[in-house]
């Protein structure tokens with residue numbers, strides 16, 4: 001529908017937002033040069049493992065964006081052509097680190113050899 005009306009539509013970005021309580025929002029950014037139009041589509045999703053149809057058949061440029069969003073938020077893109085992990089090591093599949101309720105499991109990180117950052121400590125300063 002969009003691709004037919006905006007024949008030169010270029011995918012810019014797809015990203016997720018965790019709204020808490022198993023509610024998420026997906027935002028698609030699409031640019032049409034000929035119409036000088038920047039389109040922002042917002043989709044609301046709910047559930048522990050929300051799903052939505054992949055847009056890669058219409059906008060192949062969204063392939064990596066959808067993979068990253070799946071990996072970081074746990075939003076499943078049905079019929080995605082390549083659902084492999086993009087950024088995280090295999091050991092952290094299913095961790096969904098950009099969800100608000102994500103807690104770093106240090107023992108799980110220790111098993112992978114990934115060292116989490118240390119919590120900074122304040123030294124000196126006017127309030128000490």
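Yes or no, residue by residue, for (1) modelled with pLDDT of 95 or more; (2) in a helix (DSSP H, G or I):
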{"position": "63", "(1), (2)": "yes, yes"}
{"position": "66", "(1), (2)": "yes, yes"}
{"position": "70", "(1), (2)": "yes, yes"}
{"position": "77", "(1), (2)": "yes, no"}
{"position": "91", "(1), (2)": "no, yes"}
{"position": "95", "(1), (2)": "no, no"}
{"position": "99", "(1), (2)": "no, no"}
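What are the residue pairs meeting all of these: first residue in segment 35-55, first residue on the phi > 0 side of the Ramachandran plot, second residue part of a strand (DSSP E or B), Cβ atoms under 9 Å, and 6 or more apart or on different chains? Close Cβ pairs satisfying both conditions: 47/23; 47/24. All of (1) at pLDDT below 95; (2) surrounded by 18 or more Cβ atoms within 10 Å (Cβ to Cβ) hold for residue 24 with one exception: (1).
The values are calculated or read from the model by the stated rules, or taken from the named source; none is laboratory data. Not measured: the values here are computed from a predicted model. Positions of Cβ are backbone-derived with ideal geometry, glycine not excepted, and every protein chain shown enters the neighbour counts.
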